[in-house]
Amino acid sequence: MRFDPPRPSRGRADDPRGRASDPRGRGGDQRLPDGRGRGPDPRATTLRRTTRPARLRDRRGRGLRAPLLPQTVPAFTSRADSFDGIALEAFAEIDTRWHDRLAGLDIAVDDIPRMLPKDPESIQWPDEVTADGAVPLARLIPAGVDLHGQPTRAQIILFRRPLEIRARRGADLLELVHEVLVQQVATHLGVDEDTIDRGPE
């Protein structure tokens with residue numbers, strides 16, 4: 001089992017609306033005065049998660065005297081990082097029982113879903129999607145072959161923000177994520193959800 005970090009909800013390379021740019025108006029590829037290139041600007045990649053301009057705290061150009069929060073305190077952890085830990089904890093119990101059969105399965109997290117129901121009127125979802133009404137909570141992508149002919153691994157994608165909205169942080173969110181993962185793993189293995197909780201016989 002491999003766990004992938006959350007993918008940015010905006011700013012994909014193939015999305016012209018979310019292309020990262022230097023806040024000073026320069027592109028990602030910089031040139032020296034004599035015309036030689038010095039490669040992509042590493043700062044350009046740090047802006048891809050930004051959905052709106054950040055508010056500057058350094059108004060007078062003096063810099064911050066100290067970090068706002070030390071990295072050792074729990075509050076320093078972002079909500080996305082906290083959700084990653086909850087997802088790993090929720091999946092650990094399932095993986096303990098079904099580890100051998102889940103070796104080719106990856107768990108990923110996305111901020112929001114990017115799909116619509118088959119029928120907007122009846123709101124019907126395929127078996128690979130776990131949803132609360134019209135809002136998907138998770139999706140199973142079966143193993144297959146990509147556009148380049150390379151094999152791909154099966155993947156369960158958890159949608160962080162819909163899950164967080166439907167449960168409080170802590171035990172409630174952990175229970176909800178575990179329940180969603182049980183449904184997704186059951187679909188992946190082709191068994192019922194009770195079998196996932198009991199383990200293989």
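The values are calculated or read from the model by the stated rules, or taken from the named source; none is laboratory data. Quantities reported herein were computed from a predicted structural model and do not represent experimental measurements. All Cβ positions, even for glycine, are placed from backbone atoms using ideal geometry, and neighbour counts span all protein chains on display. Calculation scope for accessible area: heavy atoms of the full protein, side chains included, ligands and nucleic acids excluded. Shrake-Rupley method; radii C 1.70, N 1.55, O 1.52, S 1.80 Å.
Structural remarks
- Restricting L105, L88 to residues that are open to solvent by less than 50 Å² (accessible area, probe 1.4 Å), of a type in the set (A, V, I, L, M) and within 16 Å of the chain's Cα centre (by Cα) narrows the list to L105.
- Enumeration of residues in the range 120-176 that are touching a strand residue (DSSP E or B) at 6+ places or on another chain (Cβ under 9 Å) and among the polar types (S, T, N, Q): T130, T152, Q155
- Among the residues making up the range 148-201, those that are open to solvent by 90 Å² or more (accessible area, probe 1.4 Å), under 21 Å from the mean Cα position of the chain (by Cα) and under 21 Å from D95 (Cβ atoms) are R153, E175, E179.
- Some residue of the range 122-145 being exposed (fewer than 11 other Cβ atoms within 10 Å of the Cβ), free of Cβ contacts under 8 Å to residues at least 40 places away in the same chain and of a type in the set (D, E, K, R): no
- When residues of the range 108-121 are limited to those that are open to solvent by less than 90 Å² (accessible area, probe 1.4 Å) and among the aliphatic types (A, V, I, L, M), the one nearest to the chain's Cα centre (by Cα): V109
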